[in-house]
Amino acid sequence: MTVLGALLLLVTGVQIRAQIADGSYFSTVRALNPGVAHHRTQALAALNVSQKNVAKNHEVTAGGIQGGVQTDVALQKNTVFGAAKMSFVAVELLADVETGTKTEHINSTTYGARDVTNKANSTYMGAVVGIPFLGFSYSTAKYAIDYAFRVGAPPSVSANDQETRIDYKLLKIGTAMNVMGVTFGIFGMDKKSTETYTYTYYDPTSGNKGTTEVWPATTSATGYGVGLGYTAKAFRFEVSSEQMGAGQLEANENPLEIIKADAASSRLSVNAEVRIGKLSLGARVNSNKGNFTDLEDLISSKLLYSEAGPDDERIETSFNFGYGADQGLSFSAFYTQSEAKSEEVSSIFRGDTTYPATTKSTAMGVGLSYYF
């Protein structure tokens, strides 16, 4: 592959997550550990646009399904980011909007081939305030999806509507330090959610709309992250671990067991970055267990990994590219790919039986930033 080809590959991706122990060479990356925000040296404003495509093969055999359930998800995200350093106080602000389309391809001996298509959307807003050795972050996110399932025709109809609305709040407190190039960071996090599930029944004989029930719920979970690395003038290396405990669910009613708290999850990361003049390159490998996710990735988390158990693992590889001076306009780009193998219950046919699933995803995006 030529140098030009390699650069073109690097400009087709999605943002690498920020480090835990020290600030990234890519200034447009927000602080994952709020304790590293005070390492910023200048103000900037940035706009990132990205797209993610996911294909999942779930080897379901219930209901006469042939070839399993094939799921395709297409996601689009727009992100606005700003950061500033004022005296000894650093501030970061980030907001993004993501939309997604999920299409399930099903071929059964009873009803033939059909597609079930649904749309989801999410919004995220986060703020970080950092001072030397201590940082705080608070973020909110909203997730919404309307799921309509239709099979058959009178006098044999299987149909229902499910509407899901979830509001999240996440608080983090962290610290980070650098002693002779050796970096260390740690943070704690507390996540809460308020959820509403609306379920509409249809008459199995006529197909006419029946009763609608609303089931509220709340969940809470706590976790932490720790990172150890080395930072030099033109090279960074870091190993980090993040752990999120199992969610605690409170729901007065859950007759269909469609309300579920996330299982315990974790993410182990190895990250390296180099800087050559105006050019910065980075690579990161994540090993995610369970449904570990950031609030900015709610759609893929809920649509694809919500049934993942604490031992289900997916490997995610990311590449980062940036070019620009310390002031004025700068360009960056991102590439991410991942693959997961798991055993999951079917979202279409309720029950406790699990089936093997393989999920592959690629993500791509570009960003523009201005340094003041």
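Please treat every number below as a calculation from the coordinates, not as lab data. On a predicted model such as this, the values are computed, not experimentally measured, just so you know. Note that we place each Cβ from the backbone using ideal geometry, even for glycine, and neighbour counts take in every protein chain shown.
A compact table of results
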item: Net lengthening on full extension, Met86/Asn254 (0.36 nm per residue, minus Cα-Cα); result: 55.5 nm
item: Modelled FRET efficiency - R0 22 Å, Ala153 with His105, Cβ distances, 0.05 increments; result: 0.65
item: Reciprocal mean inverse distance between Cα atoms of the stretch 144-232 - Kirkwood radius, Å; result: 17.1
item: Neighbour-count order for Asp96, Asp146, fewest beta carbons within 10 angstrom listed first; result: Asp146, Asp96
item: Potential lengthening between Asp115 and Thr61 on full extension [0.36 nm per residue; Cα-Cα distance subtracted]; result: 17.8 nm
item: Burial ordering of Val157, Val97, fewest other beta-carbon atoms within 10 Å first; result: Val97, Val157
item: Computed E for Leu134/Val285 - FRET, C-beta separation, R0 25 angstrom, nearest 0.05; result: 0.30
item: Calculated [θ] (222 nm, deg cm²/dmol) that DSSP helices of n ≥ 4 give over the chain, each run adding -39,500 (n - 2.57); result: -1000 deg cm²/dmol
item: Dimensionless Rg ratio for the stretch 252-372, taking C-alpha atoms and the 2.2 N^0.38 Å reference; result: 1.37
item: Ranking of Thr28, Thr71, Thr218 by count of other Cβ atoms within 10 Å, fewest first; result: Thr218, Thr71, Thr28
item: For the chain, built as a Gaussian network whose Cα springs stay under 10 Å, the top-fluctuating residue of Gly210, Gly64, Gly35; result: Gly210
item: Pairs of Cα atoms farther than 32 Å apart, the chain, %; result: 35
item: Stokes-Einstein D (µm²/s) once Rh is taken as the Kirkwood radius of the stretch 51-164 over alpha-carbon pairs, at 37 °C in 0.692 mPa s; result: 187
item: Thr222/Gln327 FRET efficiency (R0 35 Å; Cβ-Cβ; nearest 0.05); result: 0.30
item: Two-site label geometry, Ala127 and Val49: point separation in nm, points 7 Å out along Cα→Cβ; result: 2.9
item: Zone residues, the stretch 218-238, relative to Val182, backbone N less than 19 Å from point 7 Å out along Cα-to-Cβ; result: 226-233, 235-238
